[in-house]
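All of the numbers you see were taken from the coordinates with simple rules; none came from a lab. The structure presented is a predicted model; accordingly, all values stated were derived computationally and were not measured. Note that we place each Cβ from the backbone using ideal geometry, even for glycine, and neighbour counts take in every protein chain shown.
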Amino acid sequence: MTVLTRWEPFREFSTLQDRMNRLFRDSFGEGREEALTTSTFAPAVDVYEDEHNITLKVEVPGIDEKDIDVRIENNTLTVHGERKYEKEEKEENYRRVERQYGSFTRSFTLPSTVSTEDVVANYDKGVLKIKLAKKAEAKPKQVKVHVGSEKALEGKSAKGQAA
């Protein structure tokens with residue numbers, strides 16, 4: 001089945017004009033500095049786990065440690081911070097601004113195996129490292145394997161109960 005549709009060439013020009021207007025307004029329009037200071041961003045986070053800890057590394061370069069807030073509430077770890085826009089005295093003729101400014105919040109649901117009482121946070125060279133210790137019962141336990149017949153094992157357990 002063939003369907004005919006009416007072609008309207010000016011509709012395409014109108015769409016193109018709207019896109020170009022938005023491009024110029026966003027790139028060169030007034031309020032560009034305000035847009036830089038009010039944007040939000042989400043810093044990159046690496047999560048590592050071993051048998052004793054869960055470790056998070058949050059990339060927050062250019063943010064003072066006093067502007068970072070780490071909280072644990074209802075098994076949720078929340079990291080909140082703010083990178084403030086630095087306005088210099090002299091006027092610079094920026095060609096491109098890629099760094100993001102503003103506040104961020106990252107939240108992570110913690111597994112029940114994490115002890116919320118034993119948390120350590122360090123900030124070094126723009127990386128916030130949060131170390132969450134696992135509960136003792138969550139750590140792996142090694143079970144010794146005995147070699148021999150079941151009768152020998154039953155005899156050992158009976159001796160252990162009699163003692």
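What's the FRET efficiency of residue 49 with residue 103 using the Cβ-Cβ distance as r and R₀ = 25 Å, to the nearest 0.05? Don't jump to the answer; show the numbers that get you there.
Numbers: r = 28 Å, r/R0 = 1.13.
After rounding, the FRET efficiency stands at 0.35.
Taking other C-beta atoms within 10 angstrom as a stand-in for reagent exposure, 103, 14 fall in the order 14, 103, fewest first.
Counted by neighbouring Cβ atoms within 10 Å, the residues 16, 132, 4, 56 run from fewest to most as 4, 16, 56, 132. Separation of the alpha carbons by more than 24 angstrom is noted, of 57/141; 57/84; 84/129; 57/134, for 57/141.
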